[in-house]
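Before any comments, here is the structure.
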Amino acid sequence: MSKILVIAEHDAGQLKLATLSAMGFAHKVCAATGGSYAVLIVGHGIAAAAETLRSYAAGCVLVADHSALKEPLADRYAHVINDVARSQQATMVVGAASTFSKDVLPRAAALLDAGMISDVIDVNPDGNDFIFKRVMFAGNVIATVKLEGALKFLTVRSAAFMPPQKVAALSPVTSVTVDAGSLPAQIEFLGSEAKVAGRPDSTEARVVISGGRAIKNSEDFERLIGGLADVMGGAVGSSRALVDSGITPNSLQVGQTGKVVAPDLYVAVGISGAIQHMAGMKDTKVIVAINKDAEAPIFEVADYGLVGDVYQVVPELMEKLRK
Amino acid sequence: MKILVPLKRVPDPDTKIRIKADGSGVDFDGVKFAVNPFDAIALEEALRIKENLGDAEIVVVSIGNDDCVEQLRNGLAMGADRAVLIKAADELDSLAIAKILAAVYKREQPSFVLMGKQAIDDDSNQAGQMLAALLGLGQATFVSKLELIENNSKARCGRETDAGIETVAVKFPAIITTDLRLNEPRYVSLPGIMKAKKKPLEEIALSDLGVSAMSRTKILALEPPPKRKAGVRVKTVDELVDKLRNEAKII
């Protein structure tokens, strides 16, 4: 019987939607093999996010709310996860494949001497154990893997698992006692970049407009990529080339080393389609590529390709979509 | 000051990865290998810290078979002072690697460890965080800006998170993992290569390190990802809008 502990993720109390996909993974495992799952949310001022988590048939929503946990510092969060995983006798600890989980979960896994699999896209029972599929080599290889041990840590790709159905009966809430004095204090939080308000996060948006090398400067990026995103109610993304040349901030990069997105619609504007970039977007439902090089590799994965100069095509597209 | 920099031998990032016909593994026949690009960034940062301080010892370490000597020599040619090869079986997962690195750490007692955030072959992104946990040290992951502060007793680190840059300070000793934008590694020079031949490279059998590190992850099979079916070319913006509205029904 599985006892799964899902680690919820939030941004200053705002629940990240990828958490629901991790719960979807847990739901799928429990439906196939029996067992139950609990969700743990760690932070400060997280009551609203915890309330949202109650609607998805989890056995229990565990809330570790303390001012000493306001910032997501890996040493403190891993310490709390370690305690809860032990007291819950968890057999799996699962989070969404995000920078938060990648920072915190391997640390917690090692504290519990548990192995870990990153970027899981499928799970199937195998006797009393499981077989997982995960992506490697910048998305060019899918590995079928087993992980030995009574406790397993995983991160899951959000595009691969549907959120569980909402149910009327709310999950009970249990508060986790946090002894602030016993929390480690090796990492000191100094600050975080002010977020640009207005546009959604590319990992959560239904539409992502992404710009590449064809965009010459940041004003053009804002006018063309930002403009098209606003017309379509989408998020913006960028190829590595634009980040390297200082046109876009690091946090916009989509790819093997940036964000992995899987929206309904991805519009690649002037992006040639290096394998490292495609690793971050090829699970999109519909890909549109606009590029003046008819031989660009992006056209091999695009559902709709338009060969043309982005400086002409994008303004025309914005105008026609506004109608 | 002593900085420990682990280097992993991986297929060159520009290599097209081929899977063996029976799915049992990747076909490495004729494939060029390189230092994992994120590890090269870690080494470059260590070299810059050494150049800034005027003095520091940089030790590079690899875990694997004799082939890893090539990557260690490369690290020495870039400017590391000394290399250690832990001779071990090829397939080790992140937890096993972290346990071995923890043993190397205890032997070397560095001021801190600088390593890549992930290896570009298995893309796990776990070893640094696990190493920090095993040693009970602080960690700063995905670092794209690094500055030594308070008399070189701490590092102020800019971390690349999904929400943007987060800044933390970690007390030494600590584990710092590097992201793409930290620096651009230098090229290896010919005098560097000549000097590297004379630098010490120590080989240690895993069994002599006194650590039992078994891989718990077992790879059963590999396959290529499903191919996206070839799409269509549209000639005009009108046609594109029409397809998105009426065929894909996405807008």
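The values are calculated or read from the model by the stated rules, or taken from the named source; none is laboratory data. Keep in mind that this is a model prediction, so the values were computed, not measured. Note that each Cβ is placed from the backbone with ideal geometry, even for glycine, and that neighbours are counted across all protein chains shown. These area figures cover heavy atoms from the full protein model, side chains too; ligands, DNA and RNA do not enter into them. Shrake-Rupley method; radii C 1.70, N 1.55, O 1.52, S 1.80 Å.
Looking at segment B:145-153, can you tell me whether even one residue there is within 12 Å of chain A (Cβ to nearest Cβ) and under 30 Å from A:Ile287 (Cβ atoms)?
no
Looking at B:Phe28, B:Phe38 in this structure, which one is of a type in the set (Phe, Trp, Tyr) and either away from chain A (no Cβ under 13 Å) or surrounded by fewer than 20 Cβ atoms within 10 Å (Cβ to Cβ) (or both)?
B:Phe28
Starting from segment A:22-34, keep only residues that are modelled with pLDDT of 95 or more, then list their pairs with residues that are part of a helix (DSSP H, G or I) whose Cβ atoms are within a distance under 9 Å, requiring at least 6 positions of separation or different chains.
A:Ala22/A:Ser101; A:Ala22/A:Ser158; A:Met23/A:Leu53; A:Gly24/A:Ser158; A:Gly24/A:Ala160; A:Phe25/A:Ala160
For segment A:232-254, which positions are over 18 Å from the mean Cα position of the chain (by Cα), facing another protein chain (nearest Cβ under 10 Å) and not in a loop (DSSP other than H, G, I, E, B)?
A:Met232, A:Arg240, A:Val243, A:Asp244
Report yes if A:Met92 is under 26 Å from B:Ala133 (Cα atoms), away from every other protein chain (no Cβ under 11 Å), touching a strand residue (DSSP E or B) at 6+ places or on another chain (Cβ under 6 Å) and touching a residue at least 24 places away in the same chain (Cβ under 8 Å), otherwise no.
Criteria met by A:Met92.
Residues that are within 20 Å of A:Lys282 (Cβ to Cβ), aliphatic (A, V, I, L, M) and either part of a helix (DSSP H, G or I) or open to solvent by 60 Å² or more (accessible area, probe 1.4 Å) (or both): does segment A:207-225 have at least one?
Yes, there is a match, as at least one residue in segment A:207-225 is within 20 Å of A:Lys282 (Cβ to Cβ), aliphatic (A, V, I, L, M) and either part of a helix (DSSP H, G or I) or open to solvent by 60 Å² or more (accessible area, probe 1.4 Å) (or both).
Among the residues of segment B:218-251, write down those that are open to solvent by 90 Å² or more (accessible area, probe 1.4 Å) and touching a Leu at 6+ places or on another chain (Cβ under 9 Å).
B:Arg233, B:Lys235
How about segment B:218-234: which of its residues are among the basic types (Lys, Arg), facing chain A (nearest Cβ under 8 Å) and over 30 Å from B:Ala88 (Cβ atoms)?
The answer is B:Arg228, B:Arg233.
So how many residues does segment A:284-323 have that are assigned to a loop (DSSP other than H, G, I, E, B), buried (at least 21 other Cβ atoms within 10 Å of the Cβ) and in contact with a helix residue (DSSP H, G or I) (Cβ under 9 Å, 6 or more places away or on another chain)?
Within segment A:284-323, residues that are assigned to a loop (DSSP other than H, G, I, E, B), buried (at least 21 other Cβ atoms within 10 Å of the Cβ) and in contact with a helix residue (DSSP H, G or I) (Cβ under 9 Å, 6 or more places away or on another chain) number 3.
If I ask for residues that are open to solvent by 10 Å² or more (accessible area, probe 1.4 Å) and in contact with a helix residue (DSSP H, G or I) (Cβ under 6 Å, 6 or more places away or on another chain), which ones from segment B:151-174 would you list?
Within segment B:151-174, B:Glu160, B:Thr161, B:Asp162 meet the criteria.
So which pairs qualify, if the first residue must be in segment A:288-308 and of a type in the set (Ser, Thr, Tyr), the second must be outside any strand (DSSP E or B), the Cβ gap must be under 9 Å, and the two must be at least 6 apart or on different chains?
A:Tyr304/B:Gly231; A:Tyr304/B:Glu239; A:Tyr304/B:Leu240; A:Tyr304/B:Lys243; A:Tyr304/B:Leu244; A:Tyr304/B:Glu247; A:Tyr304/B:Ala248
List the pairs whose first member sits in segment B:139-158 and is among the charged types (D, E, K, R), whose second member is open to solvent by less than 30 Å² (accessible area, probe 1.4 Å), and whose Cβ atoms are under 6 Å apart, counting only residues at least 6 apart or on separate chains?
What qualifies is B:Lys145/B:Gly158; B:Lys154/B:Ala169; B:Arg156/B:Ala169.
If you take the residues of segment B:206-217 that are open to solvent by 40 Å² or more (accessible area, probe 1.4 Å) and more than 13 Å from chain A (Cβ to nearest Cβ), which of them is farthest from A:Asp119 (Cα to Cα)?
Top of the filtered list is B:Asp208.
Could you tell me which of the residues B:Glu70, B:Glu45 is open to solvent by 10 Å² or more (accessible area, probe 1.4 Å), out of contact with any Leu (no Cβ under 8 Å at 6 or more places or on another chain), closer than 24 Å to B:Lys199 by Cβ and part of a helix (DSSP H, G or I)?
It is B:Glu70.
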